[in-house]
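Below: one structure in structure tokens.
The values are calculated or read from the model by the stated rules, or taken from the named source; none is laboratory data. Predicted, not measured: the structure shown is a model, and the values here were computed from it. Neighbour counts run over all protein chains shown; Cβ positions are idealised from the backbone, glycine included. Keep in mind that these areas ignore ligands, DNA and RNA; they rest on the heavy atoms of the full protein, side chains included. Shrake-Rupley method; radii C 1.70, N 1.55, O 1.52, S 1.80 Å.
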Amino acid sequence: MTRMTWTFSPERVDTPDATALRRDYYGDVAGRYWKRPATEAEIDEGLTNDGVELLTPPTGQFLVARFEGKPAGCGGVLMLDGERAELTRVFLRHAFRGAGGAGGLLRRLEEEARGLGARRMVLNTRLDLVEARALYTRHGYAEIPAYCTGPYMDIWYGKEL
């Protein structure tokens, strides 16, 4: 029996695969929030000046997850200060969910954060993103007080690395 393989590699946010994944991520989370598909113009607007350029060392890192070589997901870590990193843009395309990639991506993002000097990972998400919340709690994240504010933030999590 052939074992299906996942890889998680640092990648610039402007490569074709990373760009397509970031667009899919934004379309997915925005569409769920609005309860309708996001338009291409809305996705363009949402990705404009979104700070993604900080997801490169020494301020962060962006990873692309591939399943059997196909771009399947992405995620980033952003250093908030000398000891805390924020988990951001964690996403798997729907066709690849349930194949074990989310946990592997999360572990690899934690490794990247440690490599950048982080001792603690924090994140914010929305209550309606139940799959994400289940993933985080399954991997040791616990609810914490809000460390930031914004219109699309309902709950905050943290974990010691």
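Here is a list of conditions, (1) out of contact with any Pro (no Cβ under 9 Å at 6 or more places or on another chain); (2) assigned to a loop (DSSP other than H, G, I, E, B), and residue 108 meets all of them except one; can you say which number that is?
(2)
Which condition number in (1) in a loop (DSSP other than H, G, I, E, B); (2) closer than 21 Å to residue 62 by Cβ; (3) not hydrophobic (A, V, I, L, M, F, W, C) is the one that residue 124 fails?
Of the numbered conditions (1) in a loop (DSSP other than H, G, I, E, B); (2) closer than 21 Å to residue 62 by Cβ; (3) not hydrophobic (A, V, I, L, M, F, W, C), the odd one out for residue 124 is (1).
Can you find a residue that is in a strand (DSSP E or B), of a type in the set (Phe, Trp, Tyr) and over 23 Å from residue 17 (Cβ atoms) anywhere in segment 48-69?
So the first thing to find is which residues in segment 48-69 are in a strand (DSSP E or B), and the list is 60-67.
From what is left, the residues that are of a type in the set (Phe, Trp, Tyr) are 62, 67.
Now drop any that are not over 23 Å from residue 17 (Cβ atoms), which leaves none.
There is no residue in segment 48-69 that is in a strand (DSSP E or B), of a type in the set (Phe, Trp, Tyr) and over 23 Å from residue 17 (Cβ atoms).
Oh, and also: State which residue pairs qualify: first residue in contact (Cβ under 8 Å) with a residue 40 or more places away in the chain and inside segment 118-136, second residue assigned to a helix (DSSP H, G or I) and open to solvent by 60 Å² or more (accessible area, probe 1.4 Å) in any location, beta carbons under 8 Å apart, and separation of 6 or more residues or different chains.
Going by the 8 Å Cβ cut-off, the qualifying pairs are 126/33; 128/32; 128/33; 129/32.
Which residue out of 125, 56 is open to solvent by 60 Å² or more (accessible area, probe 1.4 Å), at pLDDT 95 or above and hydroxyl-bearing (Ser, Thr, Tyr)?
56
Under 6 Å between Cβ atoms, at least 6 apart or on separate chains: pull out the pairs that start in segment 1-30 with a residue that is surrounded by 20 or more Cβ atoms within 10 Å (Cβ to Cβ) and end on any residue that is of a type in the set (Lys, Arg).
8/108; 25/89
Among the residues of segment 149-161, count how many are at pLDDT 95 or above and of a type outside the set (A, V, I, L, M).
The number of residues fulfilling the criteria is 6.
Now a separate question. Can you tell me which residue in segment 139-153 is most open to solvent (accessible area, probe 1.4 Å), limited to those that are without any contact (Cβ under 8 Å) to a residue 24 or more places away in the chain and more than 15 Å from residue 88 (Cα to Cα)?
Keep residues of segment 139-153 that are without any contact (Cβ under 8 Å) to a residue 24 or more places away in the chain, which gives 140-146, 149, 151.
Add one more test, that the residue is more than 15 Å from residue 88 (Cα to Cα), and what stays is 140, 142-146, 151.
Details: 140: 50, 142: 54, 143: 134, 144: 32, 145: 107, 146: 63, 151: 105 Å².
Out of the qualifying residues, it is 143.
Where the second residue is among the charged types (D, E, K, R) and at pLDDT 95 or above and the first is open to solvent by 30 Å² or more (accessible area, probe 1.4 Å) and lies in segment 81-99, which pairs have Cβ atoms under 7 Å and are six or more apart or on separate chains?
Listed by first residue and then by second, the contacts come to 83/119; 83/120; 84/120; 89/22; 93/24.
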